[in-house]
Each structure stands twice: as C-alpha cells, then as structure tokens.
Amino acid sequence: MGIFRATATVAGIIIGASIFVQPSVVLRHVPGAAGAYAAWALAGGLTLIGALVAAELASAYPRSGGVYVFLSEAYSPAAGFLWGWAMFWSMHSGIVAAIAVVLGRYVAWLVPLSGAGAKAVAIGTILALSAVAYRGARESSALQAALTVAKVGAIVAIVVLGFALGPVAGHAPVSAAGAPPGIGGSGLAGFVLAVGAGLFAFGGWHMVTYTAGETVAPEKTIPRALVIGTLLVTACYLALNAVYFRLLPLETVRTSTRVAADAADAALGHGGGTVMAGVVVLSTLGALNGIVLTGPRVYHAMARDGLLFTWLGDVHERFRTPHRAIALQAVWASILVATGTYETLFARVVYTEWIFFAMMAVGLVMLRARPGYAPRFLLRGSPVLPLLFAAASLVVVAIQVASAPGASLGGLLLVALGLPVYYGRRARG
C-alpha cells in the first residue's frame, strides 16, 4: 500500500455507521450546538494525538502487528499477547460482527428481509470481504480506496445538499450562536461524557499500523496516512453535525435514534431515509473491508513470534497473505453474528482497548529513554501530549466502569484470562 491506499484505510475504517447516529448521543450530554461542536472537535484532537503516538511507534518499528508490536517492545511480549488475545476473541472480531450486523439491518431496510435474512447478509459480507483479503493486500486495499472515495464523496454530497436546500419548513435551524452560553449546562461531567461518546465514532484509527509489513516505506507512509486520515475524518464529522443542526431542531437531534435519516427526510422528503440507508450500507461496507483486511496481520505476527499456533503464521504461496489467519477471523466473526454473542462480548471488552491505548502512549515516553530507539518520525510535545492522551484514555475507561461495573469486571476478567494462556504457551516452548 502507498500513501493513498493507507490514508483510505485510516479514513475508511473510522467512518462507519457511528457518525450517522452518535451525534444524538453527544448532544444528550450538552445543552446546545456549541457544546456538541466542542466535544466533536476535542474528540478529533485527542484521536489525532493518539494517531501521532502510533505514527512515531510505527516509524520506529515498521513491521506488521501495530499495537501488538508497540506493547511488546515497550513492556513485554505478555502485554502484546493480551492485546492480540482480546482482539481475536472480542475487540476486533466483535467489531467485524457488529458492523456486519448493522450493514445487514440497513440492507433489510432497502430490501425486505427477515431477521435471519439480515444475518445471512452480514455473514455473507464477512466471507466475501475475507475472500478479497485472502487474495491479496493489493486487491483488498484497492477496494478499500474505492469504497472510501465513494463514502467521502457521499458525505460531501450530503453536506452540499444540506446547505443548498436550507432549513425545511417546520425545521428551524440551530447554530452555535444560538446555543446556551458556555460549554454546557450539564457541566464538566456532561462534557466529558460527550467527548467520550464522540471518541466512540473515531474508533479504528490505529488499525493501519497492523499492515506495516505490506506498506511502501511504512516508516514514512503510515505516519502521513494517520495524520491525513484523522484530519479528514474530523472535518467530515464536524460538517455532518453542521448539516444535522441546520436541518433539524435541537431537540430532534437530541432524541433521534437515526439522526442522519431524519435529516435526509427533512431535506428530501420521506424518500430521504432510503437514500441515507444506502449511504450507511456503503459506509459500513468500507469500514468492514478495512477491518477484515488489517486484523489477521496481528495474529500472523503473533504466530511468527511463537505466541500462537505456528500454522497461523503461514503465508499463502501464491497470494502472499496470512490466509489461515484471515480464514480463522472470518469463521469466528461469522459465529459471533450467527449466535448473537458478539453483543455481550463486545460490550464487555471494547472499553479495555483504551487501557492498552494508555499503555501505548506511556510506552512511547518509556521507549524514548532507551538506547537504540530511533524513530523516523518524532511526535512533538512529548511527554505532555502522550501523557494527555493516556489520561484521556483512562477517563474513557473510568466512564465505562462507572456506568456498568459488573460488565466491566467481566471484560477485564476475559482479558486477564489471556495471561495463563500466554505463560502456558511459553512453558511449552
């Protein structure tokens, strides 16, 4: 992958379905558009800092595996193994399953399908995209580039049409100028919750680092792709929020469960929701393709390092891909879709990735003090910015633990179960 396809991977993975529903969640924690804009901007800024942390580490360790490699180098192989363990059983496979289910539901909006039919679409899409990834990173990244260009083009069209058509009768515009003074009457706690909700929509920014081994000049390409991709997504998100606030009353945005479809209906009539459903299908397909492509590179790297079954480290003789890791991910994600267990697993464990992100940021500070650490890209503002990102990551964790302590404990336990597996594997040689 070159810079264009790597950037498409960053942006294409981040922009999934969340931006079409999450603005309502953000606005529930702040009283007006000004607070919402501030929350989205800060979420984008924090994501950019995390991307810059990953960019420096990727330039220092330009090999496939990404966060797994960074944690292994900064702490120990055990830390890297726990990341990969949580990835396979829930964090990554669960994301594949969850996005595929969303895609299936929106396809069912366009074409009448039963619940079983929507699940069949979800599983079929996982298998089809896995087949493309199986054939090669070149083919999969080309598809990723095409889907990302299409979805960003669709977002631009939505923004242009939203402002060109203007507020529809009965839909008074709401702007930052008309919002209550200050960040929000909900106070600092509400604003922090809003930022956390916004960060959820930026998930996946780190995944391009998994494919460093198949990227042209990764020590240069990946940092550039992370920065450009994150800035592009932040701009798209702020623009979409501006359209929602222009077309819909503030209270409608706050209470809606499908704010993008409501905005489309306001601008185009009742057929707008169908158009938006098509955009969501396109967007989720692009995110799913990038996630299917990147994850198996971590399992391949772990097998290469002797932490997983050696057969998972095999590379296809013809296609030069980690074909067995791709197939295993496809099978497990499909099982999660078919059984519906992804919802419980994902909800319990997804927040734990922020613990690892905090460790990654602190690890960068630690690595800078070690001899032999020679990144090609340096994050300016260290150690302040990495530690700020680490603190923000732990705030996200604290919010989750406070809101669902029982489920959070179960998630931590699932991650911790990887330790005896790791040490058992090491003991067997």
Once you put a point 7 Å from the Cα of ALA217 and another 7 Å from the Cα of ALA78, both along the Cβ direction, what distance in nm separates them? 4.1 nm
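Would you please name the GluC sites (Glu not before Pro) within the stretch 285-387 that are DSSP coil residues with at most 16 other C-beta atoms within 10 Å of their C-beta? Don't skip to the answer; put the middle values down first.
Working: sites: GLU317, GLU343, GLU353; in loops: GLU317.
Here the GluC sites (Glu not before Pro) that fit, given the DSSP loop and packing criteria, are GLU317.
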Under a plain spin-label model, where a point goes 7 Å from the Cα along Cα-to-Cβ, how far apart in nm are LEU388 and ARG224? 2.6 nm
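Suppose R0 equals 22 Å. What FRET efficiency, 1/(1 + (r/R0)^6) with r the Cβ-Cβ distance, do PHE4 and ALA41 give to the nearest 0.05?
Numbers: r = 26 Å, r/R0 = 1.19.
Efficiency at R0 = 22 Å is approximately 0.25.
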Within the chain, which whole H helices from DSSP have a Cα span along their axis of at least 18 Å and a mean Kyte-Doolittle hydropathy of -0.5 or more, if any? 33-60, 92-110, 115-135, 137-165, 187-200, 218-247, 272-304, 323-339, 353-368, 384-403
Taking a crude spin-label model, label points 7 Å out from Cα along the C-beta direction, the ALA142 to GLU317 distance in nm is 2.4 nm
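Could you pull out the longest piece of the chain with no exposed loop trypsin sites (Lys or Arg not before Pro) in it, calling a site exposed if DSSP puts it outside H, G, I, E, B and it has at most 13 other Cβ atoms within 10 Å?
On the way: sites that count: ARG318, ARG320, ARG380, ARG428.
Counting only loop sites that pass the neighbour cut-off, the longest clear stretch is 1-317.
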Express in nm, to one decimal, how much length is gained between ARG425 and PHE309 on full extension, taking 0.36 nm for each residue of separation and deducting their alpha carbon distance. 40.8 nm
Using only the Cα atoms of the stretch 3-427, what are the Rg and Dmax in Å? 20.9, 70
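What FRET efficiency comes out for the pair ARG368/THR339, r = Cβ-Cβ distance, R0 = 35 Å, nearest 0.05?
Values: r = 45 Å, r/R0 = 1.28.
It comes out at approximately 0.20.
The numbers here are math on the coordinates, done by the rules we state, and not lab data. Being a predicted model, the structure only gives us computed values, none of them experimental. Cβ atoms come from the backbone with ideal geometry, glycine included; neighbour counts cover every protein chain shown.
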